[in-house]
1. Given the condition of a type in the set (D, E, K, R), within 16 Å of the ligand (Cβ to nearest atom) and either outside any strand (DSSP E or B) or touching a residue at least 24 places away in the same chain (Cβ under 8 Å) (or both), answer yes or no: does some residue in the stretch 102-120 qualify?
2. Within the stretch 254-330, considering only helices (runs of 4 or more DSSP H) that don't extend past its boundaries, which have at least 2 residues that are within 16 Å of the ligand (Cβ to nearest atom) and not small (Gly, Ala, Ser)?
3. Applying the selection to the stretch 135-161, what residues are modelled with pLDDT of 95 or more, under 28 Å from PHE244 (Cβ atoms), assigned to a strand (DSSP E or B) and not aliphatic (A, V, I, L, M)?
4. Take ILE32 and tell me if it is in the same structural domain as GLU413 (by TED's automatic domain parsing) and either closer than 22 Å to VAL437 by Cβ or within 16 Å of the ligand (Cβ to nearest atom) (or both).
5. I want to confirm something. Restricting to the stretch 194-236 and keeping residues that are among the small types (Gly, Ala, Ser) and within 16 Å of the ligand (Cβ to nearest atom), which single residue is nearest to PRO322 (Cα to Cα)?
6. Using beta carbons and a limit of 9 Å, which pairs, at least six apart or on different chains, have the first residue in the stretch 306-331 and crowded, with 24+ Cβ neighbours inside 10 Å and the second one hydroxyl-bearing (Ser, Thr, Tyr) and in a helix (DSSP H, G or I)?
7. Out of the stretch 83-133, which residues are crowded, with 20+ Cβ neighbours inside 10 Å, farther than 22 Å from GLU167 by Cβ and among the small types (Gly, Ala, Ser)?
8. For ALA341, only one of the following conditions fails: (1) farther than 26 Å from ALA76 by Cβ; (2) crowded, with 17+ Cβ neighbours inside 10 Å. What is its number?
Amino acid sequence: MGEKLCLAARWAIPVVGEPVHDAVVVVDEGVIEGVFTRSQFNNIYKSQSILRAEDYKEAVIMPGLINLHTHLDYSALRAFATDLPFFQWIEGLVTRSRQWEEERWFQSALYGARLAAFTGTSTIVDSSYSGQAARALAHVGLRGVVGLELFGLSDAMADTLWNMWLERFETLNELDDQDLKKALNSQLITLTVSPHAPYTVCPSLWVKAAAWAKKFNLPVLAHVSESQLECQWLSKGSEEVNKFLAFSMRESEDSQKLKPLWAGRGLSPVKHLKNYGLLNDSLIAAHLVHVDDEDVDILVDNGVKMAHCPRSNARLGNGLAPLAKMIDKGLHFAMGTDSLASTDDLSMIAECQFALNAHKLEEGANISARKFVESMTIEAARALKMDHLIGSLQAGKRADIAVFALPPAPLSEPERESLCPYNLLLSGGARLKDLLVDGQFVVSEGRLNRRT
Ligand SMILES: [Zn+2]
């Protein structure tokens, strides 16, 4: 028998299965061996040597959190002009960032990756304009799925635009960066495609991206039905969106030929994508704020997964997705923070706390803390088709583990024992102590282990 890592605490939340009180989680060579009560552990492991044993006491041990939608690229634009209307905000974001050199993008993404690690996030699903988010994740030691963003409005130029994207993708894949190379080889980081949104990517280009992703069995990351204006543009047309598109494509040949023929055709973004065969179980659609019953049924029928970003949607004035109704209809959702340019921090727990309150307030919904904890762990892993590897503390899965210290409570032992650990986790004050990714300590005692 080899030496193992043993993590003990008042609670373990395996997510699949019930919480374990007075728990020990055993890790062997980067793989979870099991979650035990302390007495089970003592019986099974009494004669074995232990490499490292940590007793966190008043803490919860759980799977590392998964952020299903963000843009680490924009982390340096923290608290960026979110008082502006949505399309002016994007225009400002583009104006500010497009002058950046590669190193500036990398430093911005690195800042975000570090902040995410400090909140217990072990896996980041990122739509990256520059691609530097992949490097940043590799340097911090996080797991990631990074979609290199794709834009282009001219159906006539779809071949050229797609080849340009493929070239950028290859360049990123072969970047001379040892950390990234290692992470790509070990599949800790996966690169894929992120067609930005139905109003910035013409159908024939999106079709090429989806076919490419299908060939390699990769997820497709996109924004869908984020703002009212996006819906208006697709159904009736919108001068405001046209102006933004002319601005954003100003440096490309596209701007001369800008005639988005798929706008103003009376369709919702969801129906528009359906018409081109672009809805399937590989699509991770961020936002989905403005959807009607029919849209939700279509999404469910096609197995689309939703990345729910309620704080960003609120901050940018885009509204709140009808989550309770979506859950009733069987839509699978997980949580995303979106970027620091449209939210306060990259904490998944804070995102869930906000969602819990917002949906109760707006929809009168009773979505449980447990449901939200599942959404930032196993449901996100399922959306990525990575639930055989991550998303729960189960024997055989990779050791992506977050340990949160719980705030002290003036309660007697039996009272404290009777509290629901899901509620405790989302009730505020949980503070990250340690974060493991693939069995490696990325954060220990609140400090980053890698120096980059
Ligand atoms: Zn986004």
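The values are calculated or read from the model by the stated rules, or taken from the named source; none is laboratory data. On a predicted model such as this, the values are computed, not experimentally measured, just so you know. Virtual Cβ from ideal backbone geometry, glycine too; neighbours counted across all protein chains shown.
1. no
2. 310-315
3. GLY147, GLU149
4. Taking the combined requirement at face value, the residue satisfies it.
5. Selected residue: SER225.
6. HIS308/SER375
7. The answer is SER108, GLY112, ALA113, ALA116, ALA117, GLY120, SER122.
8. (1)
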